[in-house]
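Enquirer: Just passing along the structure, written as structure tokens.
The values are calculated or read from the model by the stated rules, or taken from the named source; none is laboratory data. From a predicted model like this one, the values you see are computed outputs, not experimental measurements. Cβ: placed from backbone, ideal geometry, glycine included. Neighbour counts: every protein chain shown. Accessible surface is based on the protein model in full, side chains and every heavy atom, while ligands, DNA and RNA are left aside. Shrake-Rupley method; radii C 1.70, N 1.55, O 1.52, S 1.80 Å.
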Amino acid sequence: MKKLDFPNRITVELTNQCNVSCTFCPRQSVNMKIGFMSMELYKKIIDEASDHLPVKLVIFFRGESLLHPEFIECVKYAKDKGIGPIQYATNAFELTNDMADKLLETGIDFISFSLDTLDPEIYRKSRLCGNLDISRDNVIYLSKKCDEKRKKGLQVPTLQVSTVEIEEYMPEQGKFIEFWKKYVDIVRVYYEHDDNGKFRNVEVQRLLEEEVPERKPCRKLFTDLLVYWDGQLALCNYDWRGGLQGLNLNKMTIEEAWNSKLYEQLREAHNNGEIADDIMCQNCQHWRIDYMQNGYLGKLYTRRA
């Protein structure tokens, strides 16, 4: 696999602070300093990316981006620079009506809401500090606003609601899917994985290994770039611990980091199938998804008219 001259998809972690503590989230086992990306660093990233369009932007990782005090400005700045599509995921707890109205005005392209269940008690047990009633109502408000704008012929973001296939959520998963198909474009069911990119479901592991048995290079190292709030680069969106130590966008450009010796060594290891035991790539299974016939893993349901 050959790397792109410049990454065509950049994930920017505006903050790794979160307002909901999920029992199944990798952050439960990761020790990390909490912080917020400076606007100076954010604009530096967007400005350089705007010279290499088209570039997709994922504007969250490891935390709740709505907690960043300049979140709306961040989305607008990227849009004004021609970056896109812009994707974002949230637990919707902080998505007040006012924030939703402002977010729609930015022209953001895709929003995914992690809600998991229709049962407030089950939600409270697995998503500590959260409030399902508030998050649910916030998403429904945004959905109705999108419908209003759509009827006027205006562009609106694609909306997705997601759940994770874990034991607590399974009994009511069908009801969850049918409920949200009334309000959003996509309902997505993800499989649970650990903080090294390995799926916890044995059947899912077997499916992946049967469909893609031979080790192949992971696409993400050749097309995607991910930067934490402090400028440090990560291997991919499953890397919660910072596998690219020494590559920091506060001290270098994206292009310099992308073509760095460390990055090239990792790509060569993937192409040669000689991945060291001390990096998360060794036990990760997500790379197989790009080689599957469907191109994705999990269950996907589209909106009911």
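Enquirer: Just for the stretch 18-49: of the residues that are small (Gly, Ala, Ser) and open to solvent by less than 30 Å² (accessible area, probe 1.4 Å), which one is farthest from Trp258 (Cα to Cα)?
Expert: Gly35
Enquirer: Taking the stretch 255-290, which residues are open to solvent by 50 Å² or more (accessible area, probe 1.4 Å), within 23 Å of Asp5 (Cβ to Cβ) and part of a helix (DSSP H, G or I)?
Expert: Glu255, Glu256, Lys261, Leu262, Glu264, Gln265, Glu268, Asn271, Asn272, Asp290, listed by residue number.
Enquirer: While we're on this one: Return only the number of the condition from (1) at pLDDT 95 or above; (2) touching a helix residue (DSSP H, G or I) at 6+ places or on another chain (Cβ under 6 Å); (3) assigned to a loop (DSSP other than H, G, I, E, B) that Met1 does not satisfy.
Expert: Just one mismatch for Met1, condition (1).
Enquirer: Pick from the stretch 67-78 the residues that are open to solvent by less than 60 Å² (accessible area, probe 1.4 Å) and without any contact (Cβ under 8 Å) to a residue 40 or more places away in the chain: which of them is nearest to the chain's Cα centre (by Cα)?
Expert: That would be Val75.
Enquirer: Let me ask another. With (1) surrounded by fewer than 18 Cβ atoms within 10 Å (Cβ to Cβ); (2) in contact with a Leu (Cβ under 8 Å, 6 or more places away or on another chain); (3) modelled with pLDDT of 95 or more; (4) farther than 27 Å from Glu13 by Cβ as the list, and Met99 as the residue in question, which single condition is left unmet?
Expert: Unmet condition: (4).
Enquirer: So, of the residues in the stretch 173-216 that are touching a His at 6+ places or on another chain (Cβ under 8 Å) and open to solvent by less than 20 Å² (accessible area, probe 1.4 Å), which turns out to be modelled with the lowest pLDDT?
Expert: For the stretch 173-216, the residue satisfying everything is Gly197.
Enquirer: Could you give every pair whose Cβ atoms fall below 6 Å, whose first residue belongs to the stretch 137-164 and is without any contact (Cβ under 8 Å) to a residue 60 or more places away in the chain, and whose second residue is open to solvent by 40 Å² or more (accessible area, probe 1.4 Å) and polar (S, T, N, Q), counting only separations of at least 6 or pairs across chains?
Expert: Here the result reads Tyr141/Asn97, each pair linking the stretch 137-164 to a residue that is open to solvent by 40 Å² or more (accessible area, probe 1.4 Å) and polar (S, T, N, Q).
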